[in-house]
Amino acid sequence: MRSGESEPTDRIHESPLTTSIGRSRRPTVSARRAWRPARTAGILVAAVAMMATVALPAYGAFQSAEREATTDAAPRTLQQEAAEGAQTFLSASDVADASVERASYTATTRTEIDKKKAEEAAVARAKAAAEASAAAAANKNNDSDSGGGGGYDIDLSMTAPGSGEVRWPLPGGYTLGDGFRSRGGSHEGVDMLIAGGTPIYAAHAGTVTVSSEGYYGFGVAVVIEGTVGGQNVETCYAHMTHGTRVVSQGQQVAAGQIIGLVGSTGNSTANHLHFELAVNGSKVDGYAWLQQNAG
């Protein structure tokens, strides 16, 4: 264009919104109206997809219930089991048994749990049977009211030599061991060492107040209480052989009557008779008393 010439009047004025190719231009009203059906269709498709997502699992559960009603042998998944009991875990049949251990708990499969419970029940039954057997044996052994030969052939007609009110508790042939007040004053009887199975006799007449297979440290023991020379006398015969007591608690015995056999039960290291004596409630030297009164 030359200087001074005017611009042609038939040229269209361009606005920023209606530029040539390479620039963006705002859609016209007619273009926006053309896109509305496509947008509506897209919304409908999305809604249908959401409905299918929610409905299909419910339909599957319904179909699973129908299959279960028609046949018990139909395979079931872990999810099907969980749907019926959300608080119960069942391992799928095609999953190998596994165990997960932690410091505070152990989780196992149902098969392992049932097996462990059965084993624990068997152990409990065996333990109960053993305890019952032990209790029965203890009651038999500790029954202070019972006596009996315990399988030993004991001649109950045997009596200690002599005819006096006091008799020697052993027939003779023994060796004296620890005496009265020995062991620093703690030994309150006299030990008469002799072969196991030697008969033991009541040193005096009286009532059996103890006849036990387990009388504290005395082991198998018999205690007799009576009166000698107007004094109350109580004698203890300890460490007898198990099962050889032939007198019972409450039984009346005569001087020189057989009451059991020598042994080494309780706190004992060798066969012997621990003979202990109390006169009017006070412990005295039993061997010296026998020397003065037995005959």
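Return the FRET efficiency for the residue pair Glu120, Ile43: r is the Cβ-Cβ distance, R0 is 51 Å, and the value is rounded to the nearest 0.05.
0.20
How long are the semi-axes of the equivalent ellipsoid of the range 175-293, defined as square roots of 5 times the Cα gyration tensor eigenvalues? Whole Å, largest first.
Each semi-axis is the square root of five times an eigenvalue, giving 19, 18, 12 Å.
Values in this text are rule-based calculations from the coordinates and carry no lab data. Keep in mind the model is a prediction, meaning the values are calculated, not measured. Reconstructed Cβ throughout: ideal geometry from the backbone, glycine too, with neighbour counts over all protein chains shown.
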